[in-house]
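> I have a structure I would like to understand better, so I am pasting it below and will then ask my questions one at a time.
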Amino acid sequence: MRGEARRIFWRGLRMKCPRCGIGPVFRRWWTYSELRQCPSCGLEYDPRGESLAFMYLSTAFLTGIMFIVLITIPPKHLGTYRIGLVLGALALYGITMPMRKGLAIALNYFNHR
């Protein structure tokens with residue numbers, strides 16, 4: 001059971017189908033596959049939109065990390081610091097979005113199998 005859970009979540013982080021590990025979740029970086037289902041095994045990715053809660057929580061977690069950075073690293077030039085912090089946060093959200101979504105789909109599959 002534990003090894004199976006690890007395999008499912010690893011597939012999610014790799015943005016592959018949590019059931020078979022072959023089909024891609026995304027066609028491009030942020031774009032779902034055309035049919036929102038695995039082309040290999042037919043698993044429907046997030047049929048009821050249940051992964052949305054995980055996405056909100058993971059975004060809140062990343063926002064918390066940015067607040068910790070804001071509190072612990074004092075600014076030397078406030079304007080530059082704010083711009084850097086905002087650009088860093090947007091980059092962090094954008095880069096991790098597909099991996100977080102893949103993990104959310106894997107978590108949804110794990111809970112409903």
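> Assuming a ≥ b ≥ c are the square roots of the Cα gyration tensor eigenvalues, decide whether region 68-113 counts as rounded (a/c under 1.5), prolate (otherwise, with a/b larger than b/c) or oblate.
On the way: a/c = 7.45, a/b = 3.11, b/c = 2.39.
Here region 68-113 falls in the prolate category.
> Using θ = phi - 60° and the Karplus curve 6.51 cos²θ - 1.76 cosθ + 1.60, what whole-Hz ³J(HN,Hα) does each residue of region 96-103 get, with Gly and Pro shown as x?
Once θ is set to phi - 60°, the couplings for region 96-103 become 8, 4, x, 5, 5, 5, x, 5 Hz.
> So if R0 is 25 Å, what FRET efficiency would Leu57 and Ile22 give, r being the distance between their Cβ atoms, rounded to the nearest 0.05? Please report the intermediate quantities before stating the final value.
On the way: r = 28 Å, r/R0 = 1.13.
The computed FRET efficiency comes out at 0.30.
> Please list, in chain and number order, the residues 5+ apart from Ser40 or on another chain whose amide H is under 5 Å from its amide H, with Hs placed from the backbone.
When sequence neighbours closer than 5 places are left aside, the close amide H contacts are Gly23.
> Please compute the net charge surrounding Ser58, taking Lys and Arg as +1 and Asp and Glu as -1 over other residues with Cβ under 15 Å from its Cβ. Walk me through the numbers on the way to the answer.
Numbers: positive: Arg100, Lys101; negative: Asp46, Glu50.
Local charge sum for Ser58: 0.
> Still on this structure, I have one more. What is the distance, in nm, between label points placed 7 Å from the Cα along the Cα-to-Cβ direction at Ala5 and at Leu70?
Reported label-point gap for Ala5 and Leu70 is 3.4 nm.
> What ³J(HN,Hα) values, in whole Hz, does the Karplus curve 6.51 cos²θ - 1.76 cosθ + 1.60 give for region 66-72 when θ = phi - 60°, with x put for Gly and Pro?
5, 5, 4, 4, 4, 7, 8
> Counting other C-beta atoms within 10 Å, which of Leu13, Leu107 has the fewest, and how do the rest follow? Don't skip to the answer; put the middle values down first.
Numbers: Leu13 13, Leu107 19.
Neighbour counts put them in this order, fewest first: Leu13, Leu107.
> For the chain, just give the cysteines left without a disulfide-compatible partner, judged by no other Cys Cβ under 4.7 Å.
none
> Sticking with this one: List the GluC sites (Glu not before Pro) within region 3-109 that fall in a DSSP loop (any state other than H, G, I, E or B) and whose Cβ has at most 11 other Cβ atoms within 10 Å. All intermediate terms of the calculation are to be shown ahead of the outcome.
Details: sites: Glu4, Glu34, Glu44, Glu50; in loops: Glu34, Glu50.
Here the sparse-neighbourhood loop sites are Glu34.
> State the extension gain, in nm to one decimal, for the chain segment bounded by Leu90 and Ser40, taking 0.36 nm per residue of separation less the distance between their alpha-carbons. Please report the intermediate quantities before stating the final value.
Details: separation 50, 0.36 × 50 = 18.00 nm, distance 3.34 nm.
Stretched fully, the Leu90-Ser40 segment lengthens by 14.7 nm.
> What whole-number value in cubic angstrom gives the convex hull volume per residue for the C-alpha atoms of region 2-112?
Values: hull volume 12.3 nm³, N = 111.
It is 111 Å³ per residue.
Quick note: the coordinates plus some simple rules give every number you see, no bench work behind them. Predicted, not measured: the structure shown is a model, and the values here were computed from it. Counting neighbours? That spans all protein chains shown, and the Cβs are built from the backbone with ideal geometry, glycine included.
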